[in-house]
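Engineer: I'd like to ask you about the structure that follows.
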Amino acid sequence: MSSGNFTYVFIPANDSKPIEAIIGDKSGGLSDDCLSKEAKQYFFKNSDKGERAAALENATPEQRKLLAEQLREEVKAQAAQSSYASQMSKLDDDALIGIMQANQTSASCEITALTVPTSVNNQRCVSMYSDDNARTQNLPYNRRATELLVACGHSIAGEPSPSRVAIGAAPPGGICGDAFVGRCHDDEIGDIWERVDFTVEDANPRAAWCEEARKQGGGGGGGGSGGPRSLTGLMNQNAGAITNGASNSGFDKGEGDGYKWSQNDEEVELRFPVAAGTKAKYVKINFARTTLKVIVAGQTLVNGELGGNAEVEDSTWTIEDIKHKGKELCVTICKKEEGRTWPFVLR
């Protein structure tokens, strides 16, 4: 069993708080993993599970009987669609309450496989740990964690959430609430499972490992394929050599600070409302491979890092008259890697 320490990160949902590096003890191995334990305890302490556990523990026999009856009615309603629910309906009161207690009051979390171990990534697995009741608790959208998810090629189009993709609103399948991310060396053939470092620098969606994850068999989610983010689903997907596409990613449009954006397989478009008298000579745009700066009439509208590499020579801009809306500055950035979803447009 390995000894020593490893680094993992904590990504707060609150953008104003920095991503933190945390040191963990790797001696517990897979069976007593430090990161998994710490994440479960964190989400347990920040939920109402403790109160629910205490309430169940102190419930009178009459209260437990009433609860069991309510649970049985709920289970019966689902029995036609689920063989598991049908079996549960036949359990006695204590067994029913025991299952609910295990599911609803225990320390647990949702584990999302950002990458699975493959020969391409040297058998490195990266996992994200988040609250398994995040949406039912209406926890805030975690932009940075979701960007990392998309950067690894995962689709976020298939989960229920607000219909509008914008800053502060969770896109379908996006991460809500705080999250932890860690990495391990997982080689089943070599009988190796060991925690290895995942640093704050690794939490950047433009990091090299994210690009590697999107490659064929690289361990990531395969872009807009819409496949499951479970460990088993990703293992099967990568065994079949994944493809990388941008469609149906869930990051196809949104709003920034003073502009609207959209993206497809080939390009990213930003639209800025500008004054009616704006002319081309008032506009200065600096296209670079990884950055964009837009100045109109001496005012800097945006100046930041792009979510992917731009094909500078093919990128362009126009001033357009929009009926009943005035003028808009339309900036079109051509993607150097066609078919890749940018995890963010500009920051």
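Engineer: Six or more apart or on different chains, Cβ under 8 Å: which pairs go from a residue in the range 17-33 that's touching a residue at least 60 places away in the same chain (Cβ under 8 Å) and at negative phi to one that's surrounded by 11 or more Cβ atoms within 10 Å (Cβ to Cβ) and among the small types (Gly, Ala, Ser)? Could you list them?
Structural biologist: Between residues of the range 17-33 that are touching a residue at least 60 places away in the same chain (Cβ under 8 Å) and at negative phi and residues that are surrounded by 11 or more Cβ atoms within 10 Å (Cβ to Cβ) and among the small types (Gly, Ala, Ser), the close pairs are 19/203; 24/182; 26/2.
Engineer: Taking the condition of being open to solvent by less than 10 Å² (accessible area, probe 1.4 Å) and more than 17 Å from residue 147 (Cβ to Cβ), how many residues in the range 114-124 meet it? First the steps, then the outcome.
Structural biologist: Kept after step one, since they are open to solvent by less than 10 Å² (accessible area, probe 1.4 Å), are these residues of the range 114-124: 114-116.
Pick out the ones that are also more than 17 Å from residue 147 (Cβ to Cβ) and you get 116.
Total satisfying the criteria: 1.
Engineer: A further question follows. State the number of residues belonging to the range 287-339 that are closer than 16 Å to residue 261 by Cα and within 27 Å of the chain's Cα centre (by Cα).
Structural biologist: 14
Engineer: Go through the range 304-347 and report how many residues are within 23 Å of residue 150 (Cα to Cα) and open to solvent by 50 Å² or more (accessible area, probe 1.4 Å).
Structural biologist: Matching residues across the range 304-347 total 6.
Engineer: Now a separate question. In the range 5-23, which residues are in a strand (DSSP E or B) and surrounded by fewer than 18 Cβ atoms within 10 Å (Cβ to Cβ)? Full working, then the answer.
Structural biologist: Restricting attention to the range 5-23, the residues satisfying the condition of being in a strand (DSSP E or B) are 5-11, 20-23.
Scanning the range 5-23 gives 5, 7, 20, 21, 22, 23.
Engineer: When you scan the range 173-206, how many residues do you find that are under 16 Å from residue 127 (Cα atoms), out of contact with any Ser or Thr (no Cβ under 9 Å at 6 or more places or on another chain) and assigned to a loop (DSSP other than H, G, I, E, B)?
Structural biologist: 2
Conditions (1) polar (S, T, N, Q); (2) modelled with pLDDT of 80 or more; (3) within 16 Å of residue 95 (Cα to Cα), marked per residue:
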| residue | (1), (2), (3) |
| --- | --- |
| 40 | no, yes, no |
| 46 | yes, yes, no |
| 50 | no, no, no |
| 57 | no, no, yes |
| 65 | no, yes, yes |
| 78 | yes, no, no |
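Engineer: A further question follows. Hey, could you check the range 249-296 for residues that are among the hydroxyl-bearing types (Ser, Thr, Tyr) and either surrounded by fewer than 15 Cβ atoms within 10 Å (Cβ to Cβ) or touching a helix residue (DSSP H, G or I) at 6+ places or on another chain (Cβ under 7 Å) (or both) and say which is modelled with the lowest pLDDT?
Structural biologist: At the first step, the residues of the range 249-296 found to be among the hydroxyl-bearing types (Ser, Thr, Tyr) are 249, 259, 262, 278, 282, 290-291.
Adding the requirement that they be either surrounded by fewer than 15 Cβ atoms within 10 Å (Cβ to Cβ) or touching a helix residue (DSSP H, G or I) at 6+ places or on another chain (Cβ under 7 Å) (or both) leaves 249, 290-291.
Details: 249: 44, 290: 92, 291: 93.
So the residue we want is 249.
The values are calculated or read from the model by the stated rules, or taken from the named source; none is laboratory data. Everything quoted here is computed from the prediction, not taken from an experiment. Reconstructed Cβ throughout: ideal geometry from the backbone, glycine too, with neighbour counts over all protein chains shown. Keep in mind that these areas ignore ligands, DNA and RNA; they rest on the heavy atoms of the full protein, side chains included. Shrake-Rupley method; radii C 1.70, N 1.55, O 1.52, S 1.80 Å.
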